[in-house]
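Worksheet: the structure to be examined is printed underneath.
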Amino acid sequence: MPITSCGAVRVHHEERGSGPAVVWIPGTGLYGSSWAPQTGHFADRYRCLTVDLRGAGSEGDLDGLTVGDLAGDVAAWMDAIGVGPAVVVGLSLGSAVAQELALARPDLVRALGLVATWSSTAREHHIRRHFESRLYALEKGPLDVFAQFAFWMSAPAVVDNEPDLQRRVEELLGEHTSRNPPGTAAHFRADLSHETRDRLASISCPVLVVHGDQDLITLPWYNRAVAEAIPGARRETIADAGHLVWLERPDLLNAALESLLASPT
């Protein structure tokens, strides 16, 4: 895995394929490799770069970590390796990082894909309480208890009706989850700091918001609020999918992303 020194932060990334660049940013406590169902699909036509965030693969100070700090890491890494403007696709925390990246460095972002997103932890109280509860369990309880509550990320339709898929999704999630509790805790604190609602109107690149219709974390109306705040943004909803939409319904997500990735260079 290539390592790029960006000031005091060491950024890890993986790369596959060739063509126009697509940067894939993962969610809370996940490695960039969690995007495998998407990079495997697009690598025949695109240069797919999956980046690890500080605290989960990339290394650096975690004290007071914010979404803006993580966006700064991604920008410094893109500058260092000479990537951009690129299509940037972010999931959950990665979508928050992608928002901040597009706001701070629009020169690096050709188009923006926001998967399972939100814009205001302070105003969206359901997700705030989710982050607070997950952080409390991570720091106060045994890790196996913390892990038990991950099922909230799954679509109820998958849990109830597709047990084989649910088992496979849980296996994949486990394979790509960081085993660094302090880093994951720092990610939850960054989640709690996320606030872009009143700035999103200044994003001018093509934007696609995609979410599952059964997302119990970044609720459908949180995603809708992001799409409505960005001029010209499109929104697509994937049926029978939850917060783990990229693992539960990868073919449908990939189909939704096709036109975004093909945005004119």
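In units of the rule-of-thumb radius 2.2 N^0.38 Å, the range 59-198 shows an alpha carbon radius of gyration of 1.13.
Would you please name the trypsin sites (Lys or Arg not before Pro) within the range 109-216 that are DSSP coil residues with at most 12 other C-beta atoms within 10 Å of their C-beta?
Numbers: sites: Arg110, Arg123, Arg128, Arg129, Arg134, Lys140, Arg167, Arg168, Arg179, Arg189, Arg197, Arg199; in loops: Arg123, Arg179, Arg197, Arg199.
Answer in residue order: Arg179.
Solvent-accessible area assigned to carbon and sulfur over the chain amounts to 53 percent, based on a 1.4 Å probe. In terms of the Cα gyration tensor, with a ≥ b ≥ c the square roots of its eigenvalues, is the range 1-64 rounded because a/c is under 1.5, prolate because a/b exceeds b/c, or oblate? Because a/c hits 1.5 or more and a/b exceeds b/c, the range 1-64 counts as prolate. Per residue, the solvent-accessible area of the range 157-218 (1.4 Å probe, heavy atoms of protein chains only, all protein chains present) comes to 46 Å². Sequence-ordered 3J(HN,Hα) estimates for the range 142-147 from the Karplus curve with 6.51, -1.76 and 1.60 and θ = phi - 60° stand at x, 4, 5, 5, 3, 5 Hz, glycine and proline given as x.
Regarding the range 107-265, what is the average projected area of its C-alpha convex hull, in nm²? Provide the component values of the computation, followed by the final result.
On the way: hull surface 39.8 nm².
Averaged projected area of the range 107-265's Cα convex hull equals 9.9 nm².
Output wanted: per-residue J couplings in Hz (rounded whole) for the range 85-102, from phi through Karplus 6.51 cos²θ - 1.76 cosθ + 1.60, θ = phi - 60°, x for Gly and Pro. 3J(HN,Hα) across the range 85-102, in whole Hz: x, 10, 6, 10, 10, x, 10, 6, 3, x, 6, 5, 4, 4, 4, 5, 5, 5. Restricting the calculation to alpha carbons of the range 132-213 gives Rg and Dmax of 16.2, 44 angstrom.
Computed log10 I(q)/I(0) for the chain at 0.11, 0.16 Å⁻¹: -0.53, -1.23, from the Debye equation with unit scatterers placed on every C-alpha and solvent omitted.
Quick check of the Kirkwood formula: for the range 168-255, what is the inverse mean of 1/r over all pairs of different Cα atoms, in Å?
Details: mean 1/r = 0.0678 Å⁻¹.
Result for the range 168-255 stands at 14.7 Å.
Specify whether the C-alpha gyration tensor of the range 200-248 places it in the rounded, prolate or oblate class, a ≥ b ≥ c being the square roots of the eigenvalues: rounded for a/c under 1.5, otherwise prolate if a/b is larger than b/c and oblate if not. Prolate. Only helical runs count toward this figure. For the chain, summing -39,500 (n - 2.57) over DSSP H runs of n ≥ 4 and dividing by all residues gives -13000 deg cm²/dmol at 222 nm.
Counting every pair of alpha carbons in the range 1-120, the share spaced more than 17 Å apart comes to 49 percent. Here the 3J(HN,Hα) profile of the range 59-70, calculated from phi with Karplus coefficients 6.51, -1.76 and 1.60 at θ = phi - 60°, is 10, x, 4, 9, 5, x, 4, 10, 4, x, 4, 5 Hz, Gly and Pro shown as x.
The values are calculated or read from the model by the stated rules, or taken from the named source; none is laboratory data. It should be emphasised that the depicted structure is a prediction, and the values quoted were computed from it without experimental measurement. Note that each Cβ is placed from the backbone with ideal geometry, even for glycine, and that neighbours are counted across all protein chains shown. Each accessible area value is taken on the protein alone, full model and side chains, heavy atoms only, with ligands, DNA and RNA left out. Shrake-Rupley method; radii C 1.70, N 1.55, O 1.52, S 1.80 Å.
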